Amino acid sequence: VFRFFGLAFVLTALAVYWYCRSWRMTALALVCSLTSLVWQFGTLHLLGYGLDPLAVLVPFLVFAIGVSHGIQQINFILRNIAYGADTYTAARRSFTSLLVPGTLALVTAFISFITLVLIPIPMIHELAIAAAIGVAYKIVTNLMMLPLMASYFNFSPAWAQRALAEHGQRARWLSFMQATAKPRVARWVTIAGFAVFALAFWQSQGRHIGSLHAGAPELREDARYNRDAAAIVSRFDVGLDWLTVVFSTPAGNACGNSELINLVDRLGWKLQQSPGVVAVESAATLGKFNAAGLNEGYPKMAALPGESRELGANMATLFKSSGIRSSGCDMLALNVYLADHKATTIQNVVRDVKAFRTQDRLKGTDIRLASGNAGVQAATNEVLEATELPMMLYVYAAIVALVFLTYRDWRAMLVCCLPLTVSTWVGYWFMKELDIGLTVATLPVMVLAVGIGVDYAFYIYNRLQLHRASGMTQQAALARALQEEGMATIFTALTLSVGVATWAFSELKFQADMGKLLAFMFMVNMVTALTLLPAFVTVLDSLLPRRAAVHVPGFVQH
């Protein structure tokens, strides 16, 4: 963990310096972000929480979020100094102008994190609380403390002008994005955006819930444990993953109930035919084996006795077989050993059990799912499948409500959420192509990517509204906003990606998947914010021209 964090810290520091060409500004961004990280660790310790392997990426993510918002502050301060303002005035203008979009972005991220608490899985609860605490502190350290600390330094206009000139040179290749402010180009970009959305929606169908690879999902496929597990399964009639189906009866005479034993036997035979099932073990299978053993191993004697007392005596010999029946004979278990715990394998078994208990009933007997590590995984997958859509809807509803309350404009809701929606479905397509299933690790990633990815849209749209309020036309304001925020947005996405992409090299597979997916989502959200957002704004304005003045919260014309 320290090795990965050290690498991410060095890469981020070099990137920030490359952007602003000032070690003092670089130190400000890093120190403020690290301060909130220390506060976060202290708060988690006071609350009695730690960092499990799933939540260990949270500090990297929170650090990157802080630096990305620091870049926006540096960008604003740098421009004001280059245009003649002193450091104190530039810092004060940065605070007043970026407090609203920055707070809006961080509150959205906070809500996206905290909604994860609604998922009834303890590991996700801890991740959500840790991330929400870290993001909440960013409002203080990166939106307030950074400009306050910057006001105590003196930065020369010459430095700011050189840095601004370099930004202009780097941003030349972005000039084509300003063309999206032209109605003719914007229409084609909008059509392309909807085409990408339709393609991503189609290609993402059939995504799997759960792990898509054999072996322990925490480890890579070539890990020693997974290679040994595959060798054992291929050479022996045993599986390292199992699912236990429970047959319960309140009567307490399960051991002498021939109908119940035969019911267990029929389900075991049915599951034996399911793909991925290596073997089944139950009171029925062991009872048959026991009967044959008492008759010199004669194969034809491998059958269950039909008389209840003889059957009960047979079952009594299985008392020492753990996991087959309860001591009071009110429960029988059917252990299903699987070749792996892939989502498809578990889904097939669970589907067959549910179909069987619907079609083949026995009065007074309940067939319940499920114990064993595969049973727990099946339950987890069902929870993830049931909560994915509500989680996304909660986050989008929060974004819509916050944007509307801030800008009091339904257009803002559309132009901020449409690019985000396209990015989300492209992310699902990415998951399918890379065989990344929806798991305890990846569901939080997709929710977090929505909450954080909208940051780009907030900063660009806020800048657009500022220029509109100052009297610019829609096309001129869009072009100016893209010129000023284009490189900062790209750099913000790169900073966020660098902070988590190093985890793609982790030996733990789920951490590598989280790192790759987060980095991809940050980049996709950046691309859609720089292309689709201005195009949507232009098309919407041409179809439904504004009739009222632009409302910009906290607007101060400089």
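Please find the FRET efficiency linking Lys354 to Val31, where r is the Cβ-Cβ separation and R0 is fixed at 45 Å, and quote it to the nearest 0.05.
Using R0 = 45 Å, I get an efficiency of 0.20.
Starting from 0 in steps of 20 Å, tell me what percent of the Cα-Cα pairs of the chain lands in each bin.
19, 42, 23, 12, 3, 0
At q = 0.12, 0.13 Å⁻¹, what is the base-10 log of I(q)/I(0) for the range 323-418 according to the Debye formula with one equal point scatterer per Cα and no solvent? Please give it to two decimals.
-0.61, -0.65
How big is the range 27-95 on each of its three principal axes, counting only the C-alpha atoms and giving the largest first in Å?
49, 20, 17
Round to a whole number: what % of the accessible area of the chain belongs to carbon and sulfur, probe 1.4 Å?
63 percent
Report the far tail of the P(r) of the range 364-496, meaning the percent of Cα-Cα pairs longer than 25 Å.
43 percent
List the relative contact order of the chain as a percent without decimals, with contacts defined as Cα pairs under 8 Å and 6+ residues apart.
The value is 23 percent.
How far is helix 509-543 tilted off the main Cα axis of the chain, in degrees rounded to 10, range 0 to 90?
Roughly 50 degrees between the two axes.
Using alpha carbon centroids, what distance separates the range 193-214 and the range 94-157, in Å?
31 Å
Summing -39500 (n - 2.57) over the DSSP H runs of n ≥ 4 in the chain and dividing by its residue number, what mean residue ellipticity at 222 nm do you reach, to the nearest 500 deg cm²/dmol?
Mean residue ellipticity, 222 nm, calculated: -23000 deg cm²/dmol.
Of all the Cα-Cα pairs you can form in the range 15-146, what percent are over 20 Å apart?
Here the tail beyond 20 Å accounts for 47 percent of pairs.
Which percentage, to the nearest 5, of the DSSP beta bridges contained in the chain is antiparallel?
Antiparallel bridges make up about 95 percent of those DSSP assigns within the chain.
Any idea how many Lys pairs in the chain come in under 18 angstrom at the alpha carbon, given 8 or more places apart or on separate chains?
Here the count comes out as 9.
Could you tell me the distance between the Cα centroids of the range 452-487 and the range 265-304, to the nearest Å?
That distance is 71 Å.
Using a 10 Å cut-off on Cβ atoms, rank the peptides 415-421, 495-501 from the highest mean neighbour count down.
495-501, 415-421
Dipole magnitude of the range 63-208 about its Cα centre, charges +1 at Lys/Arg Cβ and -1 at Asp/Glu Cβ only, in debye to the nearest 20?
Roughly 580 debye, rounded to the nearest 20.
Work out the charge dipole of the chain with +1 on the Cβ of Lys and Arg and -1 on the Cβ of Asp and Glu about the Cα centre, then indicate which of Thr141, Leu199, Pro545 is farthest towards its positive end.
Pro545
In nm, give the distance between the simple-model label positions of Ser326 and Leu199, each being 7 Å from the Cα along the Cα-to-Cβ direction.
In this crude label model, Ser326 to Leu199 measures out at 5.7 nm.
Computed FRET efficiency, Cβ-Cβ of Arg361 and Phe236, R0 35 Å: what is it to the nearest 0.05?
0.50
With a probe of 1.4 Å, find how much accessible area the range 1-139 has per residue, and write the answer as a whole number in Å².
37 Å²
Report ³J(HN,Hα) in whole Hz for each residue of the range 53-59, in order, from the Karplus equation J = 6.51 cos²θ - 1.76 cosθ + 1.60 where θ = phi - 60°; Gly and Pro get x.
In residue order, the calculated couplings are x, 6, 8, 5, 6, 4, x Hz.
Filter the chymotrypsin sites (Phe, Trp or Tyr not before Pro) in the range 359-432 to those in DSSP coil with at most 10 other Cβ atoms within 10 Å of their Cβ, and list the result.
Passing sites in the range 359-432 do not exist.
Given the protein chains as shown and a 1.4 Å probe, how many square angstrom of Glu433 are accessible, to the nearest 10?
Roll a 1.4 Å probe over it and Glu433 shows about 110 Å².
The values are calculated or read from the model by the stated rules, or taken from the named source; none is laboratory data. Everything numeric in this text was worked out from a predicted model, so none of it was measured. In this analysis, Cβ positions are derived from the backbone assuming ideal geometry, glycine residues included, and neighbour counts consider all displayed protein chains. The protein model used for the area step is the full one, side chains on, heavy atoms only, and it has no ligands, DNA or RNA in it. Shrake-Rupley method; radii C 1.70, N 1.55, O 1.52, S 1.80 Å.
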